[in-house]
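Worksheet for the structure shown next.
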Ligand code: GDP
Ligand code: MG
């Protein structure tokens, strides 16, 4: 008994496109594999897809594999062909009647001869909506290389009269296929991050690779001293003291209340007292930022000064906002020398 096809979602026919070995079949398999976790596809192995059955379309034999899946918004039938000749025949005969395509480009190589040929043909037969999957980013360690590939892809899209601003997704189909990607996300669909602080504009990007001590990290945890490969971020855009955070979880602030201990002379601290509007550096994680101290009324009204060895609650206004949270600890420094320690008890602004 056959299953009844039921879907309230709009249906789209799409096809993979791209140069041989750039990863079309691996991506097709990975899409079903990842969506199968949410019951939106039946997971299809690479070997099942690659052994495409022969079809007779208008008297011509074409090998095509059909894969079905759905997303939150649409239902899809995806066609993947094993060989270049099959793609050509498929497109010319219109066997797949594709409404759009996924152009797969090996990010370690950029567009190649068949990439161009497929773009030309797709345009001619009216497949003019594309998304681009820049695959094999696991092979690329240089961020600038990815920028170059992105520009190369945009140029090709323009040349063949496709929308230059078609989505370009960087990833690794093979990594996304790995059965047990570990406790984090598989490399194929990255965790999104925000980079913020120091008064610079918030950068929204994706981590597309991570290393620590020269080894590849599958998961990056708080306090790791890791090197991150960030999609589309230039060196000049980031500075020491900015924070990489999960979007929407932490904000930048410039004023807070803190409980502070002022080191004594014997502990290497100040030899003298300080007053309201004292302006040392505040060291958070990786950066020194100048701040102005606001002492509580009890102190300004009576004692007027804070002595080495005092434990006191005070307010701090930083000259530049940084990513902060309650319970973050910091050091108070003067010319690189630690003169106090503190913990944030309340964020003011
Ligand atoms: P197709 O000819 O475009 O269908 O390419 P395939 O899907 O057959 O992939 C060609 C080769 O590239 C295979 O050996 C894949 O395992 C490999 N490959 C696919 N995706 C990735 C990837 O993300 N990273 C790496 N390193 N290799 C990949
Ligand atoms: Mg293939």
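A compact table of results
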| read-out | value |
| --- | --- |
| Approximate shape of the chain as ellipsoid semi-axes (Cα gyration tensor, √5λ), whole Å, largest first | 58, 19, 17 |
| Sorted by Cβ neighbour density within 10 Å, fewest at the top, the residues 315, 277 | 277, 315 |
| Where Rh is the Kirkwood radius over Cα pairs, Rg/Rh for segment 1-139 | 0.95 |
| Label-point separation, residue 298 to residue 131 (7 Å along Cα→Cβ), nm | 5.9 nm |
| Which of 254, 172 has the fewest Cβ neighbours within 10 Å, and the rest in rising order | 254, 172 |
| Contour minus Cα-Cα distance for residue 211 and residue 313 (0.36 nm per residue) | 32.7 nm |
| Whole-number percent relative contact order across segment 180-323, with pairs defined as alpha carbons under 8 Å at least 6 apart | 25 percent |
| Most mobile of 292, 149, 132 in a GNM of the chain (Cα contacts under 10 Å) | 292 |
| Label-reachable residues, segment 13-51, where backbone N falls under 12 Å from a point 7 Å from residue 88's Cα toward its Cβ | none |
| Value of relative contact order over the chain, rounded to a whole percent, pairs C-alpha under 8 Å and six or more apart | 12 percent |
| Helix-only [θ]222 nm of the chain, DSSP H runs n ≥ 4, -39500 (n - 2.57) each, per residue, nearest 500 | -5500 deg cm²/dmol |
| Of all DSSP beta bridges in the chain, antiparallel share, percent nearest 5 | 75 percent |
| Choice from 77, 173, 107 showing the highest fluctuation, given a GNM over the chain with Cα pairs closer than 10 Å | 77 |
| Viscosity 1.567 mPa s, temperature 4 °C, Stokes-Einstein D of segment 284-349 from Kirkwood C-alpha radius, µm²/s | 99 µm²/s |
| For 72, 163, 138, order by how many other beta-carbon atoms lie within 10 Å, fewest first | 72, 163, 138 |
| Most mobile of 300, 64, 26 in a GNM of the chain (Cα contacts under 10 Å) | 300 |
| Extension gain, residue 9 back to residue 265 (0.36 nm per residue minus Cα-Cα distance, nm) | 85.0 nm |
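Only the coordinates and a few stated rules stand behind these numbers; no lab work does. Here the structure is a predicted model, which is why all the values come from computation and not from measurement. We place every Cβ from the backbone using ideal geometry, glycine too, and count neighbours over all the protein chains shown.
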